[in-house]
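**Student:** I'd like to ask some things about the structure below.
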Amino acid sequence: MSDIGSVGVLGAGLMGSGIAPSAAAAGFRTVARDVGEEQLARGRKAIEGSLARLVEKGKLDAATRDAALGRLTLTTDLSAVTACDLIIEAVTEDLAIKNALWRELDATAAPATIFASNTSSLTIAAMAAATGRPDRVVGLHFFNPVPLMPLVEVVRTVTTSAETVERVVAFARRLGKEPVLAKDSSGFIVNLLLVPFLLDAVRALERGVATTADLDRAMQLGCGHPMGPLTLLDFVGLDTVCRIAEIMFDEYRETRYAPPPLLRRMVLAGMYGRKSGRGFYDYSATPPVPAALGL
C-alpha cells in the first residue's frame, strides 16, 4: 500500500479553499483547480486569509504557512491534477457536474489514483458508477471551516476497497482530523441527524412557537449548542441546506427531510444567510438582528 504524497482539489470555493491549504500545511504537494481565473483569485484570497488567521491564532507558525503556500498550486488546467495520488472533489452539489469531472479524470488519471468526493448529501455509489475504478472511489466529507473543524466523514460504498478506506483514513489523520466511518447513505451521519433538526426549527418558527431569537437562545442555553439552529442555517447557507434537504427527501421520501415552505420562499427571495447579508437575521446591523419575515 503506497502512501498519499500529492493531493488534487477540484474547486476553490468555500470548501475547496479550506481543504487545499489544510493538505498543503500537512506536507502534501497540493494542486487546487477551478474553472476560471476569477474563481481562482477568490480562492487564493480565501486560502491566504485562512492561513493568516491560523498564524494569528497561534495554530500555525509563519514558517509552516510559507511552506504550505510553496507546496500549493492554483490552476484552471484540469490535467494538472491527474498526477496526484488523491483527487478530492469539492464542486457544486450537482451529480451531473461531479460525474462529468470524474469521467474525464478517469480516462487520464493514474490507475492507482483515489477519487474522493466532499459531497454532503449525494451518494458516493452514484459517482463510483461513473468511473472504471469503483474500488478507489470514496466519500471524504469535511466540515466548514475546514482548517478548524476536526471531523471528517469517510464514506465507503459497497465497492470501495478496504485498502482505499485505509489510505484515506491515514490521510485524514495526517491532516490532524478525526475520521469517522460512515455507510454510503444520503446525509451520512451528521446531516442525516442535523438536517431534520434544522428543518424542524424552521417549522417551529412558521407555526409561531417562538421568535427567531428565542428559538436560538433556547437551544443554546437548554442544550448547550454553540449557536442556535436558525443562526446555524444562516451560517451554512439557506440555499445549501434547502438543496441538501431536497436531495435527502428524494432519497428517503420521508417528510422530515422536505424543505418547509418558509425556507423555500426565503431561498427564492435570495435570502441565503450570512453570504447574502440577510437570512433569519439581518447582517447589515451590528450585531445582527432577527429579520422581518412577515410571519
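**Student:** Is it the case that V158 is closer than 28 Å to L238 by Cβ, at pLDDT 95 or above, aliphatic (A, V, I, L, M) and surrounded by fewer than 18 Cβ atoms within 10 Å (Cβ to Cβ)?
**Tutor:** no
**Student:** Here is a further query. Could you check how many residues of segment 24-66 are of a type in the set (K, R), within 25 Å of D85 (Cα to Cα) and over 18 Å from the mean Cα position of the chain (by Cα)?
**Tutor:** Looking only at that region, the number is 2.
**Student:** Still on this structure, I have one more. Within segment 261-295, track down each residue that is of a type in the set (V, I, T) and in contact with a Lys or Arg (Cβ under 9 Å, 6 or more places away or on another chain).
**Tutor:** Within segment 261-295, just V267 meets the criteria.
**Student:** Does segment 253-295 hold any residues that are of a type in the set (V, I, T) and in contact with a Cys (Cβ under 9 Å, 6 or more places away or on another chain), and which are they?
**Tutor:** V267
Listed here are the residues, each with its yes/no results for (1) more than 23 Å from H141 (Cα to Cα); (2) basic (K, R); (3) at pLDDT 95 or above.
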position: L51; (1), (2), (3): no, no, no
position: T64; (1), (2), (3): yes, no, no
position: V81; (1), (2), (3): no, no, yes
position: I88; (1), (2), (3): no, no, yes
position: A100; (1), (2), (3): no, no, yes
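**Student:** May I ask you to list the residues in segment 67-81 that are more than 15 Å from I19 (Cα to Cα) and either of a type in the set (A, V, I, L, M, F, W, C) or within 22 Å of the chain's Cα centre (by Cα) (or both)?
**Tutor:** A67, T75, T76, L78, A80, listed by residue number.
**Student:** What is the one condition in (1) in contact with a Lys or Arg (Cβ under 6 Å, 6 or more places away or on another chain); (2) free of Cβ contacts under 8 Å to residues at least 40 places away in the same chain; (3) surrounded by 21 or more Cβ atoms within 10 Å (Cβ to Cβ) that T164 does not satisfy?
**Tutor:** Tallying (1) in contact with a Lys or Arg (Cβ under 6 Å, 6 or more places away or on another chain); (2) free of Cβ contacts under 8 Å to residues at least 40 places away in the same chain; (3) surrounded by 21 or more Cβ atoms within 10 Å (Cβ to Cβ), T164 fails exactly one: (2).
**Student:** Going by the conditions given, is A96 at pLDDT 95 or above and assigned to a helix (DSSP H, G or I)?
**Tutor:** Considered against the rule, which asks whether it is at pLDDT 95 or above and assigned to a helix (DSSP H, G or I), A96 comes out as yes.
**Student:** Moving on to the next point. With the condition kept exactly as written, say whether any residue in segment 189-200 is in contact with a strand residue (DSSP E or B) (Cβ under 6 Å, 6 or more places away or on another chain) and either under 23 Å from P145 (Cα atoms) or of a type in the set (S, T, N, Q) (or both).
**Tutor:** Yes, segment 189-200 contains a residue that is in contact with a strand residue (DSSP E or B) (Cβ under 6 Å, 6 or more places away or on another chain) and either under 23 Å from P145 (Cα atoms) or of a type in the set (S, T, N, Q) (or both).
**Student:** Something else now. Give just the number: which of (1) among the aliphatic types (A, V, I, L, M); (2) outside any helix (DSSP H, G or I); (3) out of contact with any strand residue (DSSP E or B) (no Cβ under 7 Å at 6 or more places or on another chain); (4) within 23 Å of R173 (Cβ to Cβ) does A68 not satisfy?
**Tutor:** So the condition that A68 fails would be (2).
**Student:** Tell me which residues, restricted to segment 212-252, are surrounded by 15 or more Cβ atoms within 10 Å (Cβ to Cβ) and part of a loop (DSSP other than H, G, I, E, B).
**Tutor:** The answer is H225, G228, G237.
The values are calculated or read from the model by the stated rules, or taken from the named source; none is laboratory data. Keep in mind that what you see is a predicted model, and the values were worked out from it rather than measured. We place every Cβ from the backbone using ideal geometry, glycine too, and count neighbours over all the protein chains shown.
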